[in-house]
């Protein structure tokens, strides 16, 4: 098992800050960005590392040498001329390879990522997650099996609304997926990943673990702040995570009957700001919504996905994102024109039952006792109570005694974070 790290970037957006250094050697909290990678790999037993260097490579080689001082084994591929993001891959040994970008900070369980890769029998596996700037990112489109079915480049200005699932710059390659002819390869995605999508063997592992591009001074400062505040570690695979579960209609977006048209989705004032606050906190932001429009035959799954793509897009324009979204398509009452009988059932996922929250907790390793459920209906808070969360209501009238009520999602989230911070400072 080999790890390769692309470490030859110039850092044109921030190179003036450190003109003598390649981008992966820019300092963050007292050590180079690249050293953070090396130390995380060592901690997880991934000791055989190849650094792909070029621009000012001596800064890298003199710092790390053969890796013995860092407890790993380091070899080098040196690009005399820039070969692009994929040009050096044909020079790697043909073995299972984990590929990292040197200017992305990861707090990721690489072992779980590789386990997913093997279970899917994938040629290539991508690390994918939502981020705060999907309009400025490459978006991965996947099917229900996490198979990549399309790739939407950030350079495509006509790509429309998309679910916020971003390629985060971490890859696993099976040996047969590594290119052999250097002359035909330059761009990692265009020349290596794209041609294999049609094989059905390119997958994306969605996770809430922390990965953030550090290509600008603002983003380096943001990552440093997240490390120091503990945000990165609270999203790690080993952490017992906390979440704020959020109802959709009437809590995030304006409720005006059953929503069946993506263009009619409008965010409530302050909703994006509230979710953005959660994104910068130890809490995951997860939407939990009943969508009986499926059972009623008013919306297909594809149409509902378009509605949620619109939601992701509007939040993204405000620098916010949902870590995940779970919906119930069922409705228990039969006998209506156009209904879809297979979804007209009594289920365990329709609020006030807690099934969706429990499923989210299972997938993301969430400690429900430290989590909240916020909604504008009694069914929302009852679902939260049944799951073991603290329920909070949105509205002007109390649902029932003992339920804390707020005027808006922003008010509720602000209070959660205020309480959380006061507990830390106690």
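A few comments on the model shown:
- Yes/no for residue 245 being touching a strand residue (DSSP E or B) at 6+ places or on another chain (Cβ under 6 Å) and either assigned to a loop (DSSP other than H, G, I, E, B) or surrounded by 15 or more Cβ atoms within 10 Å (Cβ to Cβ) (or both): yes
- The sole residue among 397, 359 that is at pLDDT 95 or above and in contact with a strand residue (DSSP E or B) (Cβ under 9 Å, 6 or more places away or on another chain) is 359.
- Among the residues of the range 132-158, those that are within 14 Å of the chain's Cα centre (by Cα) and either assigned by TED's automatic domain parsing to the domain that holds residue 277 or under 17 Å from residue 317 (Cβ atoms) (or both) comprise 132, 133, 134, 137, 139.
- Among residues of the range 82-105 being closer than 19 Å to residue 25 by Cα and surrounded by fewer than 21 Cβ atoms within 10 Å (Cβ to Cβ), the one that is nearest to the chain's Cα centre (by Cα) is 84.
- Strands (runs of 3 or more DSSP E) fully within the range 319-426 counting 2 or more residues that are over 26 Å from residue 269 (Cβ atoms): none
- Pairs where the first residue, in the range 289-317, is on the phi > 0 side of the Ramachandran plot and the second is part of a loop (DSSP other than H, G, I, E, B) and modelled with pLDDT of 95 or more, C-beta under 7 Å, 6+ apart: 297/340
Residue by residue, here is whether (1) surrounded by 21 or more Cβ atoms within 10 Å (Cβ to Cβ); (2) in a loop (DSSP other than H, G, I, E, B) holds:
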position: 205; (1), (2): yes, no
position: 215; (1), (2): no, yes
position: 218; (1), (2): no, no
position: 224; (1), (2): no, no
position: 227; (1), (2): no, no
position: 238; (1), (2): no, yes
position: 251; (1), (2): yes, yes
position: 256; (1), (2): no, yes
position: 259; (1), (2): yes, yes
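- Unmet requirement for residue 135, which otherwise passes all of (1) in contact with a helix residue (DSSP H, G or I) (Cβ under 7 Å, 6 or more places away or on another chain); (2) under 24 Å from residue 236 (Cα atoms); (3) in a helix (DSSP H, G or I): (2)
- Contact annotation: residue pairs with Cβ atoms under 7 Å, 6 or more positions apart or on different chains, pairing a residue in the range 180-202 that is in contact (Cβ under 8 Å) with a residue 12 or more places away in the chain with a partner that is exposed (fewer than 14 other Cβ atoms within 10 Å of the Cβ), are 191/184.
The values are calculated or read from the model by the stated rules, or taken from the named source; none is laboratory data. Just so you know, these numbers come straight off a predicted model, no measurement behind them. Cβ coordinates were reconstructed from backbone atoms using ideal geometry, including for glycine residues, and neighbour counts include every protein chain displayed.
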